[in-house]
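All of the numbers you see were taken from the coordinates with simple rules; none came from a lab. Computed from a predicted structure; not experimentally measured.
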Amino acid sequence: MSIFTTSCEDCILWKTLDKMAEVRFLLEERWIVARISSLYNASETTQRKVLMTLPLWIGKPGDKAPPLCETIPASGDYVVKLGDKVVALVVKSVDGDEQCILAGVVCYSSATDKYEVDDMDEEGEERHILSRWKIIPPPQWKANPEADPEALFQKRKLIVALYPQTTCHALIHTPPMQPQDDYSVLCEDTSYADGSSLPLNVAQRYVVACKEPKKR
């Protein structure tokens with residue numbers, strides 16, 4: 001195979017990945033607009049399943065996984081875009097303890113270095129103003145276990161799991177073995193003798209690095 005043929009195939013591959021990312025962006029825009037306009041209905045579950053899929057990072061030979069590819073953190077100057085979904089640490093209890101929520105970014109102030117976010121799991125869309133360190137951007141790419149295993153959360157790693165329908169601290173039970181695989185996690189659950197639930201599958205999009213909440 002000639003170098004020219006290989007280069008053409010690479011171009012086609014990257015154009016395809018760009019088109020997939022564009023489709024995902026349009027789907028997310030429709031999801032956000034529908035929620036804001038209160039037109040979101042029973043189709044929410046189906047649309048959320050579509051949005052669970054992350055594009056697979058495919059680098060060139062020698063490339064390392066980029067920021068926000070699974071475990072790779074965002075760069076220091078990264079600013080979450082309006083409408084993006086994040087993990088946020090907020091005070092939700094009367095005793096002042098923090099907990100993780102899935103939130104949508106409303107705006108960011110560079111002057112105060114703070115975000116305004118809406119709680120996506122509250123019907124009234126409760127709003128919070130939070131400093132940057134209380135915001136955890138979710139991954140934008142999923143890692144290929146065969147090509148970039150260092151970018152995956154490993155067994156027994158403490159993470160925040162955001163799906164299905166819950167936000168909780170969890171331990172990785174089994175990382176993905178193939179690009180299409182989900183994580184298997186053990187969520188905190190005091191109803192079980194060992195304090196953890198049975199293994200639960202969680203899409204890569206909803207597995208994020210853990211920041212320890214503050215307790216009073």
Report summary line: Set Lys60/Lys85; Lys81/Lys157; Lys81/Lys134; Lys60/Lys157, cut-off 21 Å on Cα-Cα distance; pairs above it are Lys60/Lys85; Lys81/Lys157; Lys60/Lys157
Requested in this report: Return the sequence-ordered ³J(HN,Hα) values of segment 179-186 in whole Hz as given by the Karplus equation 6.51 cos²θ - 1.76 cosθ + 1.60 applied to θ = phi - 60°, using x for Gly and Pro.
Outcome: x, 8, 7, 8, 7, 9, 10, 10
Query raised in the report: Across 10 Å bins from the origin, how do the percents of Cα pairs in segment 85-136 run, short distances first?
Result: 28, 56, 16, 0
